[in-house]
């Protein structure tokens, strides 16, 4: 897969292009090893420096990177014996949210998450991760199943937001999001959410009313997209960068606001730079949180979750 470089990564891209060119010459002439080693070191240092100083708009771009691991990648890497469950038993099946039964490091769980797709065909199939009402009603169905059989719920959030189309509104989009959020709050089993890319608005929180909300280092979590906020505040979507800088959508700010409970470090260059390492880090963090929650009673889990959720936004 060809590397996709973001705008702020152009200096890194130029160095790696030179490394590739010299590599081709070295293959035929047997020289340039010293020059290649020097350029590789320079590229690594530049990547490390760049990613250590990302601003919120840069992090937004990283969170949306097309090569970042998606839900189906986490399924393949962290889970076994996955059995997908489809449909909301009312209207149809929404492939923007996938989920079912699986084993996570040997433990039976219910797993679900947003899937954006990785190319044109799959992005259309999964509607770019923007769920319709039947997606959230499928999530409720999965949570009902988890509660009935005492299975922990693990969710993975990566969506720009719920689908805003006319059909979705006609079928009760807001009600479906509210019901999914409510069901998350009332679960009597451990519920852990990981924001792996974008956590956009109610479309994200419907799968994130959890006991513990984890977040990858370069992910974002917001009440509205930077573009949407810019359109409302300044009637100019081109000011998305200004909105991102003001909205406190990145991990450190969200930790300070107690909206997110834990940040998971990403490999240098972002999760897309070393997908397996990033997914392993997520798995380790989820396992630790699951072990901490497992001894709690259903009532204690509900209380902890409600206290955490309803404290968001308090000023004192």
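Each reported figure results from applying straightforward, stated rules to the coordinates on display, with no laboratory input. All values derive from a computational prediction rather than experimental measurement. Cβ: placed from backbone, ideal geometry, glycine included. Neighbour counts: every protein chain shown.
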Percentage of interatomic Cα-Cα distances in region 162-279 larger than 23 Å: 40 percent
Intensity falloff of region 212-268 expressed as log10 I(q)/I(0), Debye formula with alpha-carbon point scatterers, at q = 0.22 Å⁻¹: -0.80
Crossing angle, helix 10-29 versus the chain [Cα axis fit, 0-90 degrees, rounded to tens]: 50 degrees
Folded to 0 to 90 degrees: helix 133-149 orientation relative to the chain principal axis, Cα: 70 degrees
Overall dimensions of the chain by Cα: Rg and Dmax, Å: 20.8, 71
Coarse-grained scattering of region 75-213 at q = 0.09, 0.12, 0.16, 0.18 Å⁻¹, given as base-10 log I(q)/I(0) from a Debye sum over alpha-carbon atoms: -0.22, -0.40, -0.73, -0.94
GNM flexibility winner over the chain from 120, 159, 60 (Cα, springs under 10 Å): 120
Candidates 148, 68, 86, ranked by Gaussian network fluctuation over the chain, Cα under 10 Å, top entry: 148
Ranked 41, 18, criterion: other C-beta atoms within 10 Å, fewest first: 41, 18
Relative intensity, log₁₀ I(q)/I(0), of region 99-178 from a Debye sum that treats every alpha carbon as a point, q = 0.20 Å⁻¹: -0.92
Listed residues 154, 142, 39, most fluctuating in the chain (Gaussian network, C-alpha, under 10 Å): 39
Normalised contact order of region 60-310, rounded percent, pairs of Cα under 8 Å and 6 or more residues apart: 18 percent
Rounded tilt (10° steps) of 298-310 against the dominant C-alpha axis of the chain: 60 degrees
Fraction of beta bridges assigned by DSSP in the chain that are antiparallel (%, nearest 5): 40 percent
